[in-house]
1. Pull up the stretch 80-89, narrow it to residues that are open to solvent by 30 Å² or more (accessible area, probe 1.4 Å) and polar (S, T, N, Q), then point me to the one that is nearest to ASP20 (Cα to Cα).
2. Any idea which of (1) crowded, with 16+ Cβ neighbours inside 10 Å; (2) in a loop (DSSP other than H, G, I, E, B); (3) within 13 Å of the chain's Cα centre (by Cα) is the one PHE92 doesn't satisfy?
3. Which ones in the stretch 9-46 are touching a residue at least 40 places away in the same chain (Cβ under 8 Å) and part of a helix (DSSP H, G or I)?
4. Within the stretch 95-119, take every residue that is over 19 Å from LEU52 (Cβ atoms) and assigned to a loop (DSSP other than H, G, I, E, B) and give me the one that is least open to solvent (accessible area, probe 1.4 Å).
5. Are any of the residues in the stretch 106-120 modelled with pLDDT of 90 or more and farther than 18 Å from LEU12 by Cα?
6. Quick one: ASP61 ticks every box in (1) at pLDDT 85 or above; (2) of a type in the set (D, E, K, R); (3) open to solvent by 60 Å² or more (accessible area, probe 1.4 Å) bar one, so which box is it?
7. Here are LEU49, LEU77: which of them is assigned to a strand (DSSP E or B) and open to solvent by less than 90 Å² (accessible area, probe 1.4 Å)?
8. Tally the residues that are in a loop (DSSP other than H, G, I, E, B) and without any contact (Cβ under 8 Å) to a residue 24 or more places away in the chain, restricting the search to the stretch 52-74.
Amino acid sequence: LNPWTLLINEYLYNEFRSLDVVLPEGKIPELKFRSKSQPNLVEPQIEPLVKLAQSSFSNSDSPPCPSCGYNAQKLKLMIVNSPSIPPNVNLFRPIEHPTRILTSEEFIKVVIMKNLKGIIYKEVHID
């Protein structure tokens with residue numbers, strides 16, 4: 001399992017949705033557990049949808065990948081290009097760094113309301 005893979009308890013996944021947090025389609029992950037009791041987990045299929053502003057990156061001559069958009073330049077500050085933010089989903093990834101997961105304020109409000117632990121979030125800048 002990669003550190004950029006988000007797994008959500010199925011109950012919480014449905015709870016988020018009932019609170020009008022629009023989550024991507026979820027898949028049941030193929031995991032093996034040592035114990036007989038297995039948690040019901042969902043892996044949201046979080047797509048790389050938003051673009052980062054060029055000012056997010058340190059000056060470098062390496063251009064983004066023409067096929068997927070990944071940018072190997074060092075990320076100095078995450079600045080999201082405002083027009084690329086999808087209005088219809090609350091979890092997404094930046095095209096240039098798809099190992100990062102970005103959320104909307106609505107998602108964070110529910111995390112705080114539910115007093116969920118183990119989630120680290122940082123504010124990003126919007127251009």
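1. As a first pass, look at the stretch 80-89 and keep what is open to solvent by 30 Å² or more (accessible area, probe 1.4 Å): 81-83, 85, 87-88.
This time we only want the ones that are polar (S, T, N, Q), so: 81-82, 88.
Details: ASN81: 24, SER82: 22, ASN88: 11 Å.
By that ranking, first place goes to ASN88.
2. Every condition holds for PHE92 apart from (2).
3. Initially, the stretch 9-46 is screened for residues touching a residue at least 40 places away in the same chain (Cβ under 8 Å), giving 12, 15-16, 19-24, 44, 46.
Answer for the stretch 9-46, where residues must be touching a residue at least 40 places away in the same chain (Cβ under 8 Å) and part of a helix (DSSP H, G or I): LEU12, GLU15, PHE16.
4. Checked the stretch 95-119; the qualifying residue least open to solvent (accessible area, probe 1.4 Å) is LEU116.
5. no
6. (1)
7. Numbers: LEU77 fails: assigned to a strand (DSSP E or B).
None of the others qualify; the one that does is LEU49.
8. Residues of the stretch 52-74 in a loop (DSSP other than H, G, I, E, B): 53, 58-74.
Imposing the further condition that a residue be without any contact (Cβ under 8 Å) to a residue 24 or more places away in the chain reduces the set to 58-63, 65-67, 72-74.
Final tally of qualifying residues: 12.
The values are calculated or read from the model by the stated rules, or taken from the named source; none is laboratory data. The shown structure was predicted, so the numbers you read here are calculated from the model rather than taken from an experiment. Glycine gets a Cβ as well: all are built from the backbone with ideal geometry, and neighbour counts include every protein chain shown. Keep in mind that these areas ignore ligands, DNA and RNA; they rest on the heavy atoms of the full protein, side chains included. Shrake-Rupley method; radii C 1.70, N 1.55, O 1.52, S 1.80 Å.
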